[in-house]
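The block underneath contains the structure these notes are about, expressed in structure tokens.
The values are calculated or read from the model by the stated rules, or taken from the named source; none is laboratory data. Small disclaimer: the values here were computed from a predicted structure and weren't measured. Glycine also receives a Cβ, built like all others from the backbone with ideal geometry; neighbour counts cover every protein chain displayed. Ligands, DNA and RNA are excluded from the accessible area calculation, which covers all protein heavy atoms including side chains. Shrake-Rupley method; radii C 1.70, N 1.55, O 1.52, S 1.80 Å.
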Amino acid sequence: MIGEEEEVGNLRELYKLFKKIRLMEQKQVALVVVPLGIGVLMLYHIWLILTIKRNPRRTVIGLNAESRRIWVSCMMADPLKNGVLAIQTIRNNIMASTVLATVAITLSSLISVYVNNESSSSSYLSSVKFSAVLVCFLAAFLCNVLSIRYYAHTSFLVTVPVFRDRKDAIEHVATNLNRGGLFWSLGLRAFYLSFPLFLWVFGPIPMFLCCCVMSFILYFLDTTTNFTRDLYNHSVIDDQDLESAAAVQPA
């Protein structure tokens with residue numbers, strides 16, 4: 001009996017030692033893989049920002065910003081005729097931002113409740129993982145609220161009649177509309193970033209793979225093809241027609 005108890009005790013100690021070695025190996029892998037995965041996403045978004053500044057039409061964000069500017073000029077060319085259409089379009093964007101903000105704050109509340117309930121039994125690393133996901137959802141909520149703010153402000157400005165020489169007023173309205181679209185895109189990016197951080201709960205390897213796959217998918221979602229750019233160039237009006245469309249006879 002004494003020999004069997006000693007063998008069982010030795011097996012338990014070996015199991016504990018094996019478990020400690022495994023945890024140390026996972027921590028060492030996490031120290032390398034997790035920063036590498038976050039670095040992949042950061043490098044991609046740095047490239048995206050530089051591309052938007054240098055060649056906006058190569059990206060969907062830059063192309064949409066230019067399209068919104070042209071749309072504002074067309075709407076403000078005749079606000080009495082196009083006012084209802086402009087308000088309905090902006091209202092649809094406000095509803096989309098409202099839905100995303102509601103989802104973000106709901107998920108933030110659920111995660112905060114879970115972290116508070118499990119804080120005593122869970123480890124420090126687990127709390128850090130869920131806190132990172134919580135920060136993403138809070139950032140998504142804030143960005144979508146700011147998007148609603150700019151969209152609501154634009155809904156008032158877009159129906160204001162402008163004179164022929166007031167191009168600065170049209171540019172101001174287009175800037176507010178593009179800021180609303182920018183914050184909506186940032187809120188959506190925060191949702192995207194929450195996926196690899198959530199998979200970090202299951203291990204560093206799934207998180208790294210998710211970062212690589214997401215960067216690959218976002219590249220095709222954020223960039224435009226030659227066909228899209230050619231179609232856009234043949235669809236929009238040129239600068240002279242845009243100036244004539246934006247001009248309104250003074251009362």
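Here the extension length gained between residue 113 and residue 201 equals 30.0 nm, from 0.36 nm per residue of separation less the Cα-Cα distance.
Hey, can you rank 140-146, 200-206 by average C-beta count inside 10 Å, highest first? Mind showing how you got there, number by number?
Working: 140-146: 21.6, 200-206: 17.0.
Descending packing order for the listed peptides: 140-146, 200-206.
Scalar couplings 3J(HN,Hα) for the range 47-55, obtained by applying the Karplus form with A = 6.51, B = -1.76, C = 1.60 to θ = phi - 60°, are 4, 5, 5, 5, 5, 5, 6, 8, 9 Hz; x denotes Gly and Pro. Rounded if a/c is under 1.5, else prolate if a/b beats b/c, else oblate: with a ≥ b ≥ c from the C-alpha gyration tensor eigenvalues square-rooted, which is the range 32-144? Since a/c reaches 1.5 but b/c is at least a/b, the shape of the range 32-144 is classed as oblate. The stretch between residue 54 and residue 228 holds 60.8 nm of extra length on full extension. This uses 0.36 nm per residue minus the Cα-Cα distance. For residue 223, nonlocal amide neighbours, meaning residues 5 or more places apart or on other chains whose placed amide H falls under 5 Å from its own, are 60.
Accessible area per residue (1.4 Å probe, heavy atoms of protein chains only) ranks 80, 197 as 80, 197, with the largest value leading. In the range 89-235, the portion of solvent-accessible area held by carbon and sulfur atoms comes to 71 percent [1.4 Å probe, whole percent, DNA, RNA and ligands not counted]. Accessible surface of residue 179, taken over heavy atoms with a 1.4 Å probe and every protein chain present, rounds to 110 Å².
The charge dipole of the range 48-102, taken about the Cα centre with unit charges on the Cβ atoms of Lys, Arg (+1) and Asp, Glu (-1), comes to about 260 debye, rounded to the nearest 20.
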